[in-house]
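Structure, as structure tokens:
Only the coordinates and a few stated rules stand behind these numbers; no lab work does. Bear in mind that the values here come from a model prediction, so they are computed numbers and not experimental data. Glycine gets a Cβ as well: all are built from the backbone with ideal geometry, and neighbour counts include every protein chain shown.
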Amino acid sequence: MAEPVAAVDEVGGLVRRACAGDREAFHALVSRFERGLYRAALVITRNPADAEEVVQETFMRAFEHLATFRGDAKFQTWLTQIALNTARMKLRKNHGSLWESLDEPHETEEGFVPRDVAEWRENPEERMGRKEKEQMLHNALNGLPPGYREVVALRDIQMLSTQETAEMLGMSVANVKTRLLRARLQLRERLAAQLGRKVQAGTL
Amino acid sequence: MTITCEQFLTALADYLDADSLAAMDPAMAEAVREHSKICAPCLVVLDTTQQTVRMVGDVRNFEMPEGASERLRRALDEGLGEPLVPATLRAGAAPASPRGQRSGRIFGFGFANRLRATAFAFAVTVVILVAGVDHWRARATTTSGWLIDQHCFKTYASHLADHPRDCLLACADRVYGLVDAKGHFTRLDAKGSKQALAAVQASSKPDHIWVTIHAKRSSDNQVLEVQDLALTDPTDAAGSSR
């Protein structure tokens, strides 16, 4: 989803000022992008402390290399690329030899053919509290294979385009679409399972 | 155009996203809509997947954890050298770091931080090495060797097996020790010497007095603080330890 032109111009202005050494402008950029980056990093790393560190390191690297930022690229995309690389390094470091390949996710058929086709009679978005909803989504996202979490983080959290996501992950656009659909269908199954349990628990 | 459930599912890859939908074959988009009208399960899948996408999209609007934003600014302050945190926030006590004991600052950025990290790593290494040596020394190990008194060690150094039991008993007022595979003599502590004497007295072996002891080494590595001792048969002419 493209940012409004006014927003892009505003970000562009902040980047130019930050490049010239204006710390307040950099501060404004941090405020604007920290939340999205944290959420994307949390989806990829599955660990709040790691996600915080990814955001810290991302902004630090961004500031150090601000002069190399090409104005024709979207600043958010540039930041997301740094965050993705940082999160991947952190996963490799934390998991060592047990690290699960991020580039080659389990291309299983699980979730591609929906098993749960029951309606969600109650709108979960209306009947759940923020914390409850956050926890449920966190659980569902954590159950995805790493490659699926990455594509969800880039497309659905950071709202990058399919083309941008494909370039960032070094995949074809078709593969991004397929992987994203499978991830979404798996998430749907996981949410349906949790919502189903909640409805049953509520009726007992 | 009529499509199957499988084709419907595959088409969702484009149908669910505005940018892909715009580029989707209009006939296929229409077929998806028509299929969802006649196939209840596919309609449910479409509806609940759209809800899923919406819910996951909301994740980006969730707040950062409490204190995370302040920790981020403090870390950037330290890394970049100038404050990003408003003075009102800086005046307060530092909030808990994301890992409890761990500082929220970034390691690996800035010369001062690198220097501090290197010094810290060096200090930790020294502490670990010292602790490791102490731990190794403090740990009781099992060792075997010839039992002999300090006085006779020089006389029998080349033929320790021949040192007779009677001589050992006669030297009971002297200090007993153990000669290891390298020919090093290590004194037993008082308790060990007492145990050794009792073991020799209880044995009828005329010579070849070989012992296996479980002991800690003193901090200066000069004395074996014996915990257990027994006369055993030498498996070979050399001492052994494990």
Seminar exercise, completed: Partner shielding of A:136-143, as the mean number of partner chain Cβ atoms within 10 Å, equals 2
Problem set entry | Cross-link partners of B:LYS182 among lysines (Cα-Cα below 30 Å; sequence separation of 8 or more within a chain) | B:LYS154, B:LYS191, B:LYS194, B:LYS205, B:LYS216
Exercise. Could you give the length gained on full extension between B:ASP25 and B:GLN150, defined as 0.36 nm per residue of separation minus the Cα-Cα distance, in nm?
Worked result: 35.1 nm
Problem set entry | Gyration tensor verdict on region A:5-98 (Cα atoms; rounded if a/c is under 1.5, prolate if a/b is larger than b/c, oblate otherwise) | prolate
Exercise. Among B:161-170, A:42-51, what's the highest-first ranking by average C-beta atoms within 10 angstrom per residue?
Worked result: A:42-51, B:161-170
For this session: Using a 10 Å cut-off on Cβ to Cβ distances, tally the other chain neighbours for every residue of A:51-64 and report the average as a whole number.
Result: 6
Exercise. Say the dipole of region B:141-241 comes from +1 at the beta carbon of Lys and Arg and -1 at that of Asp and Glu; which of B:VAL200, B:GLY177, B:ALA190 then lies farthest toward its positive end?
Worked result: B:ALA190
For this session: Give me the net charge of B:ALA22's neighbourhood, meaning all other residues with Cβ under 14 Å from the Cβ of B:ALA22; Lys, Arg count +1, Asp, Glu -1.
Result: -3
Problem set entry | Exposure proxy order (Cβ contacts within 10 Å, fewest to most) of A:VAL55, A:VAL11 | A:VAL11, A:VAL55
Problem set entry | Residue exposure sequence - B:ASP149, B:ASP58, B:ASP233 - by fewest surrounding Cβ within 10 Å | B:ASP233, B:ASP58, B:ASP149
Problem set entry | Relative packing of B:177-188, B:196-207, which averages over residues the other C-beta atoms within 10 Å, highest first | B:177-188, B:196-207
Problem set entry | Shielding by partners, peptide A:33-42 (average Cβ within 10 angstrom, other chains) | 4
For this session: Rounded, prolate or oblate: pick one for region B:141-241, where a ≥ b ≥ c are the square roots of the eigenvalues of its C-alpha gyration tensor, a/c under 1.5 means rounded, and failing that, prolate if a/b is larger than b/c, else oblate.
Result: rounded
Exercise. Among B:MET28, A:MET89, which comes first, then next, by fewest other beta-carbon atoms within 10 Å?
Worked result: A:MET89, B:MET28
Seminar exercise, completed: HN-Hα couplings for region A:141-146 via Karplus (6.51, -1.76, 1.60; θ = phi - 60°), in whole Hz with x for Gly/Pro, come out as 5, 5, x, 7, x, x
Exercise. When ranked by the protection proxy of mean other Cβ atoms within 10 Å per residue, highest first, what sequence do the peptides A:24-36, B:36-48 form?
Worked result: A:24-36, B:36-48
Seminar exercise, completed: Sequence order, region A:45-51: Karplus ³J(HN,Hα) from phi using 6.51 cos²θ - 1.76 cosθ + 1.60, θ = phi - 60°, Hz rounded, Gly and Pro as x, gives 8, 6, 9, x, 5, 5, 4
For this session: Report relative contact order for region A:5-98 in percent, whole number only (criteria: Cα-Cα under 8 Å, sequence separation at least 6).
Result: 28 percent
